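Participant: Have a look at the structure that comes next, please.
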Amino acid sequence: MSEFHEAIIIGGGPAGLTAGIYLMRAGIDTLLLEKMVSGGTPVNTEHIENYPGFPEGISGRELMNRFTAHAKGLGLAIKEFSEVEGVSFEEGRFLIKTTESSFESIGVIVTTGTEPAKMNIPGESEFLGMGISYCATCDGSFFKNLDVAVIGGGDAAIEEGLSLANIVRKVYVVHRRDALRAQKILQDRAFRNSKMEFLWNKKPVEIGGKGQVEYILVEDTKTGEHSKVEVSGVFVYVGSRPNTSFLGCFADRDDAGFVLTDENLGTKTEGLFIAGDARKKTLRQISTAVGDGALAAVNLERYILEKR
Ligand code: NAP
């Protein structure tokens with residue numbers, strides 16, 4: 001027998017927790033399933049400065065602890081370490097299978113976000129945990145007074161590069177173009193930071209070392225020339241991939257896997273909504289995830305009241 005709830009939220013980041021807050025306040029029986037622990041990606045961000053209401057900034061962990069406490073305070077049931085393997089829809093009910101149990105619901109909001117993209121170059125998987133990392137907040141302290149590289153020119157690379165600069169001796173920013181994609185305020189800060197050195201028009205082609213990372217081999221994207229950059233750590237921020245494959249045929253996705261929604265964040269399956277970074281959208285921030293979570297919850301509430 002599957003456990004029944006009127007609404008099931010898959011994913012416990014900003015979008016999922018906000019949806020939970022709205023659904024609980026609407027009196028909808030709701031369960032949130034989270035594959036790790038409540039909080040989502042922002043938990044790994046040292047300092048968040050662009051979420052309104054915190055002019056001094058706030059740590060990602062502290063902010064997400066507050067989201068979780070808010071949702072739990074309203075009675076939201078959260079099952080952590082529950083990874084969803086599949087969702088199906090039959091006879092007006094959703095069936096959600098996790099690795100250990102199964103659940104049924106009238107409606108579902110998917111807020112599974114993204115995971116870091118890989119460079120897929122020799123040495124990347126071999127040196128994972130031995131110099132290669134996708135999380136500066138988690139692993140930065142292992143590189144105290146050493147030289148490291150961040151790969152990428154987006155918000156994540158520059159924000160995490162700045163945070164690493166407080167710990168390490170030097171941060172090489174390896175970027176495949178000659179202009180950053182990151183927000184201007186982050187760019188200005190990085191250009192002023194004497195520990196940040198920019199390697200423009202360079203893309204990593206190999207990571208090497210004996211037992212642990214000792215260098216990156218980079219290729220000049222203009223001349224094709226190869227050169228070695230000696231570093232002890234490589235932090236990879238080359239974008240993100242959505243966690244949406246478990247939706248099978250129940251939602252349409254673009255080529256990268258981001259889910260296509262209508263203006264109410266609904267999908268081609270009635271009662272299935274997507275909120276946050278996993279949907280196709282132009283701005284991925286905590287503030288937009290919060291807006292998505294609220295909108296999806298209000299629309300799911302309407303759907304459930306019709307179907308009850
Ligand atoms: P992103 O914005 O997609 O940037 C990825 C960077 O990696 C780009 O500079 C890209 O180069 C480069 N890149 C992509 N594939 C590469 C490859 N194979 N080899 C080398 N370089 C490669 O990703 P992100 O920085 O992870 O951010 C993801 C989303 O989260 C964004 O929407 C971002 O705004 C948001 N975010 C926001 C904050 C904040 O508001 N503080 C912090 C973190 C993330 P090109 O520029 O040439 O394409």
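The values are calculated or read from the model by the stated rules, or taken from the named source; none is laboratory data. It should be emphasised that the depicted structure is a prediction, and the values quoted were computed from it without experimental measurement. Because the Cβ atoms are built from the backbone with ideal geometry, glycine has one as well, and the counts that use them run over all protein chains shown. Ligands, DNA and RNA are excluded from the accessible area calculation, which covers all protein heavy atoms including side chains. Shrake-Rupley method; radii C 1.70, N 1.55, O 1.52, S 1.80 Å.
Participant: Can you tell me what share of the DSSP beta bridges in the stretch 149-261 is antiparallel? A percent to the nearest 5 is fine.
Facilitator: Percentage antiparallel, nearest 5: 55.
Participant: Within the chain, what's the longest run with no GluC sites (Glu not before Pro) in a DSSP loop and at most 10 other beta-carbon atoms within 10 Å? Give the range, please.
Facilitator: 101-224
Participant: Short version: ³J(HN,Hα) in whole Hz for each residue of the stretch 246-254, in order, from phi by Karplus 6.51 cos²θ - 1.76 cosθ + 1.60 (θ = phi - 60°), x for Gly and Pro, what are they?
Facilitator: Calculated HN-Hα couplings, in order: 5, 7, x, 8, 7, 9, 7, 10, 7 Hz.
Participant: Ok, one more. Could you derive backbone 3J(HN,Hα) for the stretch 275-286 from the dihedral phi with the Karplus parameters 6.51, -1.76 and 1.60 (θ = phi - 60°), listing whole Hz in sequence and x where the residue is Gly or Pro?
Facilitator: With coefficients 6.51, -1.76 and 1.60, one gets 9, x, 5, 6, 9, 6, 7, 9, 9, 10, 9, 4 Hz.
Participant: In whole percent, and with a 1.4 Å probe on the protein chains, what portion of the accessible area of the chain is carbon and sulfur?
Facilitator: C and S atoms contribute 48 percent here.
Participant: Accessible area per residue, 1.4 Å probe, Å², for the stretch 132-236: what's the number?
Facilitator: 50
Participant: On to the next question. Give me the percent relative contact order of the stretch 132-236, please, defined on Cα pairs under 8 angstrom at least 6 residues apart.
Facilitator: 31
Participant: Which whole-number value in Å² is the accessible area per residue of the stretch 1-72, probe 1.4 Å?
Facilitator: 46
Participant: Send over the semi-axes of the stretch 132-236's equivalent ellipsoid, whole angstrom and largest first, taken as the square roots of 5 times the C-alpha gyration tensor eigenvalues.
Facilitator: They are 19, 18, 10 Å, listed from largest to smallest.
Participant: Restricting to bridges with both residues inside the stretch 90-217, how much of the DSSP beta-bridge set is antiparallel, in percent to the nearest 5?
Facilitator: Percentage antiparallel, nearest 5: 45.
Participant: Additional query: Which ³J(HN,Hα) values, rounded to whole Hz and listed in residue order, are derived for the stretch 185-193 from phi using the Karplus coefficients 6.51, -1.76 and 1.60 in 6.51 cos²θ - 1.76 cosθ + 1.60 with θ = phi - 60°, glycine and proline given as x?
Facilitator: 4, 6, 4, 4, 5, 5, 5, 7, 7
Participant: Okay, next question. Taking the chain as the reference, fit the longest principal axis to its C-alpha atoms, fit the long axis of helix 60-73 to the helix C-alpha atoms, and give the angle between the two in degrees, 0 to 90, nearest 10.
Facilitator: Between the helix axis and the principal axis of the chain, the angle is about 10 degrees.
Participant: Whole Å is fine, so just give me how far the alpha carbon centre of the stretch 241-256 lies from that of the stretch 58-120.
Facilitator: So the separation of the two Cα centres works out to 16 Å.
Participant: Lone cysteines in the chain, going by a 4.7 Å Cβ-Cβ cut-off?
Facilitator: Lacking a cysteine Cβ partner under 4.7 Å: Cys249.
Participant: How far, in degrees from 0 to 90, does helix 155-165 lean away from the longest principal axis of the Cα atoms of the chain, to the nearest 10?
Facilitator: Computed tilt is about 50 degrees.
Participant: Follow-up question, since we're still on this one. For the chain, give me the percentage of DSSP beta bridges that are antiparallel, rounded to the nearest 5 percent.
Facilitator: 45
Participant: Please calculate the 1.4 Å probe accessible area of Asp139, with all protein chains present, and give it to the nearest 10 Å².
Facilitator: Its accessible surface works out to 40 Å², give or take rounding.
Participant: How large is the accessible surface of Phe89 in square angstrom, using a 1.4 angstrom probe and rounding to the nearest 10?
Facilitator: Accessible area, nearest 10 Å²: 60 Å².
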